[in-house]
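The values are calculated or read from the model by the stated rules, or taken from the named source; none is laboratory data. Not measured: the values here are computed from a predicted model. Virtual Cβ from ideal backbone geometry, glycine too; neighbours counted across all protein chains shown.
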Amino acid sequence: MKPRNLAILLTTGLAFTATACGSGTGSDAGGDTTITVACQPAKTAPKLRKAWTDDVATFEKAHPGVKVKSTDQQPCFDPKTFAAKLAGGQMETVFVVPVTNYADVIAKKQAKDITSSVGLVKNYKDIKQDVRDMVAENGKVYGIPNVSYTVGLVYNRALFTKAGLDPDSPPRTWDEVRAAAKKIADLGDGYVGYGEYGGGNTGGWHFAQALFSRGGEMVQGGKPAFNSPEGKAVLQTLHDMRWEDHSTGSKVLIGWESLMQQMAAGKTGMMLGAPDVVSDVIQKFQGKPEDYGITGIPDGKASLTGGEAYMINPKASAAQTKAALQWIDFEFNTPGKGRFDFARGKANGEAVGVPNNDYMGDSATGKALAEQRKANAALPVANYEPYVTGAAGIAPRLEPAKAQELYAVLDVAMSAVLTRESADVDQLLADAESKANSILARS
Amino acid sequence: METLTLEPLEQRLAPRRGRPPSKRRRATRRNLTSYGFLCAALFCFAMFAWWPIIKEVLLSFQQTNLVDKPSWVGLENFRTVMDDPAFGQAWRNTLVFTLLALVCGYVVPFAVAIVLNELRHARAYLRFVVYLPVMLPPIVSVLLFRWFYDPGPGLFNQALDSVGLPGLSWLDSTSTALISLVIVSTWMNLGSGVLIYLAALQNIPGDLYEAAELDGAGILKRIRHVTIPQTRLILMLMLMLQLVATMQVFIEPYMLTGGGPENATVTVVYLMYQYAFVYGGNYGAGSALGLMLMIVLLAVAAVQLRLTREEK
């Protein structure tokens with residue numbers, strides 16, 4: 001090609017590139033309604049992906065005129081790209097949002113008001129009221145809850161046995177956790193009784209979990225409330241476990257997956273975590289299924305709630321919104337169909353049996369789901385019974401306002417007690433309170 | 001003086017129709033290809049460098065959710081980040097990191113380049129070995145160091161243990177975390193610096209060293225009076241590039257320490273990331289921090305340019 005032609009081609013190509021902006025919200029062109037849906041399983045999970053593709057085909061057959069395009073970005077929701085995708089017209093018609101981001105997405109009007117259409121999800125009213133309320137504001141509904149759970153205590157049953165502890169009677173209080181952790185750490189070099197995070201905002205996040213379990217509060221009346229006897233107990237216990245009992249290991253962990261990896265390696269006794277941690281330890285990090293169990297959070301005064309909801313792109317048309325809610329109904333909310341086809345899930349090697357979703361509670365749909373999950377369990381469900389019975393009566397707590405900024409502040413206190421023997425708990429909490437005051441004052 | 005420009009042969013031999021094209025039109029036609037390439041390059045710069053910079057400046061005075069129209073908030077974003085308890089610490093850490101990274105990342109590659117330049121055997125092999133870390137993706141290098149620094153089975157503590165020394169906490173202590181990041185950064189970037197310095201060293205005429213040797217100069221004097229003056233321009237350029245790069249340190253604290261322990265490794269760019277992507281998408285505050293950093297870097301560059309000119 002001649003240099004001149006090449007130059008013209010380059011310039012023209014770039015101009016076209018800049019102007020070519022696809023729309024992620026689908027379209028209503030030609031009489032068909034096209035919607036894009038997030039969370040298609042990755043190519044690395046061919047069986048799950050095929051199951052999804054089959055579901056799409058079944059749904060399209062049942063809803064003539066609706067076309068479903070799937071996206072497989074992993075993770076489904078990424079706060080780093082969320083706003084940019086929405087602004088760039090690349091956001092799917094149906095996208096998932098974790099509970100930590102509900103308030104932010106709703107406040108920023110990044111989800112559509114679907115109050116008048118929620119009836120399209122047939123079992124909507126069977127979803128627990130408090131879970132539904134999390135995605136509602138001023139009487140308007142902005143999402144369909146998809147998952148809900150509270151944090152518990154994940155533990156390694158094999159290590160419990162090895163340390164002379166009874167795996168069927170896991171710790172119920174923080175004192176019992178400390179005693180059990182010491183016994184496990186005493187097994188020898190490399191054994192960690194109780195694993196904990198110390199940075200990357202996960203430290204502050206786990207501080208909040210432990211605080212709620214002891215009956216403390218993060219924020220009350222717009223002011224920080226963690227500089228309390230409960231807050232001091234959280235840090236002091238951790239400090240003593242680290243420096244007196246040597247039961248927390250010497251490595252400071254950051255990032256959500258780091259502790260699960262350590263847990264799956266088989267030398268860590270306990271960690272705070274929701275049931276999905278059990279699934280990940282077993283499936284993602286290859287832990288032995290029979291080794292892991294979960295129980296309610298120690299002390300059990302309250303527990304941080306987790307979960308996710310599906311929301312609709314605010315730019316979606318009425319027809320797309322209708323099709324989107326029909327998809328949510330079919331794929332995520334119908335016993336025996338879509339993700340609740342437990343028999344298919346078991347055949348595909350999914351971690352069926354972990355009680356990782358209690359969003360329907362004791363409603364008729366909730367009971368049907370629990371029965372079907374148990375009937376098709378691929379994992380030792382008895383290992384999760386302490387959680388099912390223990391977590392049921394524990395009050396759920398939502399994350400506080402400005403959660404991530406507060407977690408960053410509390411990371412400092414958590415990392416201090418885990419890395420410095422001379423750490424002064426009172427001083428650390430006073431410093432964190434002063435910093436939190438300015439953060440909350442800004443909001 | 002006017003230069004004579006010859007047209008291509010076929011153009012000169014071709015029959016002329018109508019009025020001959022003007023001088024300007026001929027020049028335009030002749031340069032059309034260059035303009036085409038220039039336009040493409042300018043377009044890329046405008047799209048991917050200048051526009052984002054302008055957008056960042058605008059965003060630092062706005063509040064936006066990237067969906068609705070942004071609203072102007074004056075200096076509110078700057079107040080937000082300056083009130084942040086980690087703000088002062090982030091700047092202190094960034095400056096200390098930059099200083100340490102300059103001491104290590106500037107002097108060490110130069111010294112290694114001088115040694116490599118003096119070697120007579122295995123030069124190509126050693127250059128390859130020194131350059132190898134640059135070929136690793138940064139994320140791989142950082143993960144490698146995560147294992148090196150592990151307080152239990154990590155390479156460094158195992159090495160210390162094998163010679164009877166106690167292990168260090170490396171990333172898990174406020175006193176060693178930042179210097180641990182500097183070591184990672186120096187290791188990752190050593191190869192590029194060495195190659196550039198080597199190229200500069202090889203351009204120094206050998207007779208200068210011979211003359212210095214005849215005058216009785218030892219190795220240190222030869223470095224001081226021949227090597228450094230002869231590579232001064234490259235040294236200044238590298239100083240500038242190092243300053244700009246190290247002040248933007250992000251990947252090391254993000255991957256290795258999460259800013260901890262006790263904020264000991266929070267840097268300005270790490271804090272910027274926290275605002276934009278962790279603290280609920282506060283792009284305005286993140287941009288305000290970015291603008292502050294840009295102004296500091298521009299000031300540093302201006303001072304350095306001035307000093308360089310004065311030296312000339």
Self-check item: Residue identified as within 14 Å of chain B (Cβ to nearest Cβ), over 26 Å from A:Gly336 (Cβ atoms) and surrounded by fewer than 21 Cβ atoms within 10 Å (Cβ to Cβ) among A:Gln90, A:Gln74, A:Gln110
Solution: A:Gln90
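Condition check ((1) in the same structural domain as A:Gly273 (by TED's automatic domain parsing); (2) surrounded by fewer than 19 Cβ atoms within 10 Å (Cβ to Cβ); (3) closer than 24 Å to A:Gly273 by Cα) across all residues:
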| residue | (1), (2), (3) |
| --- | --- |
| A:Lys337 | no, yes, no |
| A:Phe342 | no, no, yes |
| A:Val354 | no, no, yes |
| A:Gly361 | no, yes, yes |
| A:Leu369 | no, no, yes |
| A:Pro380 | no, yes, yes |
Practice problem: Mind counting the residues in the stretch B:78-90 that are surrounded by 16 or more Cβ atoms within 10 Å (Cβ to Cβ) and away from every other protein chain (no Cβ under 11 Å)? | Solution: 2
Quiz item: If you go through the stretch A:422-443, how many residues are within 11 Å of another protein chain (Cβ to nearest Cβ), surrounded by fewer than 20 Cβ atoms within 10 Å (Cβ to Cβ) and in a loop (DSSP other than H, G, I, E, B)?
Solution: 1
Practice problem: Scan the stretch B:177-192 for residues that are touching a Pro at 6+ places or on another chain (Cβ under 7 Å) and under 11 Å from B:Pro133 (Cα atoms) and jot them down. | Solution: B:Trp187, B:Met188, B:Leu190, B:Gly191
Quiz item: Taking the stretch B:153-171 only, how many residues are hydrophobic (A, V, I, L, M, F, W, C) and within 12 Å of chain A (Cβ to nearest Cβ)?
Solution: 3
Self-check item: Conditions (1) loosely packed, with under 15 Cβ neighbours inside 10 Å; (2) modelled with pLDDT under 90; (3) more than 14 Å from chain A (Cβ to nearest Cβ): number failed by B:Tyr106
Solution: (1)
Quiz item: Got a number for residues in the stretch A:373-432 being closer than 26 Å to B:Leu271 by Cβ, under 21 Å from the mean Cα position of the chain (by Cα) and without any contact (Cβ under 8 Å) to a residue 40 or more places away in the chain?
Solution: 1
Quiz item: So which residues in the stretch A:217-263 are closer than 24 Å to A:Pro75 by Cβ and surrounded by fewer than 22 Cβ atoms within 10 Å (Cβ to Cβ), if there are any at all?
Solution: A:Gly255, A:Trp256, A:Glu257, A:Ser258, A:Gln261, A:Gln262
Quiz item: Tell me, which helices (runs of 4 or more DSSP H) lie completely within the stretch B:108-221 with 1 or more residues that are more than 23 Å from A:Ser258 (Cα to Cα)?
Solution: B:123-135, B:155-162, B:177-202, B:206-214
Quiz item: Exactly one of (1) modelled with pLDDT under 90; (2) buried (at least 17 other Cβ atoms within 10 Å of the Cβ); (3) in contact with a Pro (Cβ under 8 Å, 6 or more places away or on another chain) is unmet by B:Ser141. Its number?
Solution: (1)
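This table checks each residue for (1) touching a strand residue (DSSP E or B) at 6+ places or on another chain (Cβ under 6 Å); (2) of a type outside the set (Lys, Arg).
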{"site": "A:Asp280", "(1), (2)": "no, yes"}
{"site": "A:Thr305", "(1), (2)": "yes, yes"}
{"site": "A:Tyr310", "(1), (2)": "yes, yes"}
{"site": "A:Lys315", "(1), (2)": "no, no"}
{"site": "A:Gly361", "(1), (2)": "no, yes"}
Practice problem: Would you please name the residue that is farthest from B:Tyr254 (Cα to Cα), looking only at residues in the stretch A:180-207 that are within 14 Å of chain B (Cβ to nearest Cβ) and among the acidic types (Asp, Glu)? | Solution: A:Asp189
Exercise. Might you let me know whether the stretch A:388-405 holds any residue that is within 12 Å of chain B (Cβ to nearest Cβ), within 13 Å of A:Phe226 (Cα to Cα), among the aliphatic types (A, V, I, L, M) and touching a helix residue (DSSP H, G or I) at 6+ places or on another chain (Cβ under 6 Å)?
Key: no
Quiz prompt | Out of A:Lys47, A:Lys43, A:Lys85, A:Lys61, sole residue that is farther than 20 Å from A:Asn146 by Cα, away from chain B (no Cβ under 14 Å), of a type in the set (D, E, K, R) and in contact (Cβ under 8 Å) with a residue 40 or more places away in the chain | solution = A:Lys47
Practice problem: Kindly indicate whether A:Thr150 is buried (at least 17 other Cβ atoms within 10 Å of the Cβ) and over 16 Å from A:Gly193 (Cβ atoms). | Solution: yes
Quiz item: Do you know which residues across the stretch A:93-102 are within 17 Å of the chain's Cα centre (by Cα) and either away from every other protein chain (no Cβ under 14 Å) or among the charged types (D, E, K, R) (or both)?
Solution: A:Val96
Quiz item: Given A:Ala225, A:Ala210, A:Ala274, A:Ala233, which one is more than 14 Å from every other protein chain (Cβ to nearest Cβ), without any contact (Cβ under 8 Å) to a residue 40 or more places away in the chain and among the hydrophobic types (A, V, I, L, M, F, W, C)?
Solution: A:Ala225
Quiz item: Out of all the residues in the stretch B:137-154, which are under 21 Å from the mean Cα position of the chain (by Cα) and among the aromatic types (Phe, Trp, Tyr)?
Solution: B:Phe145
Practice problem: All but one of (1) at pLDDT 95 or above; (2) in contact with a Gly (Cβ under 8 Å, 6 or more places away or on another chain); (3) over 26 Å from A:Ile294 (Cβ atoms) hold for A:Lys108, so report the exception by its number. | Solution: (1)
Exercise. Enumerate the helices (runs of 4 or more DSSP H) found wholly within the stretch B:229-312, keeping only those where 1 or more residues are out of contact with any Leu (no Cβ under 8 Å at 6 or more places or on another chain), within 14 Å of chain A (Cβ to nearest Cβ) and hydroxyl-bearing (Ser, Thr, Tyr).
Key: B:268-273
Exercise. Take the residues in the stretch A:386-418 that are more than 19 Å from B:Pro85 (Cβ to Cβ) and modelled with pLDDT of 90 or more, then tell me which one is surrounded by the fewest Cβ atoms within 10 Å (Cβ to Cβ).
Key: A:Pro386
Quiz prompt | Check on B:Ala101, under 30 Å from B:Leu181 (Cα atoms), assigned to a helix (DSSP H, G or I) and among the small types (Gly, Ala, Ser) | solution = yes
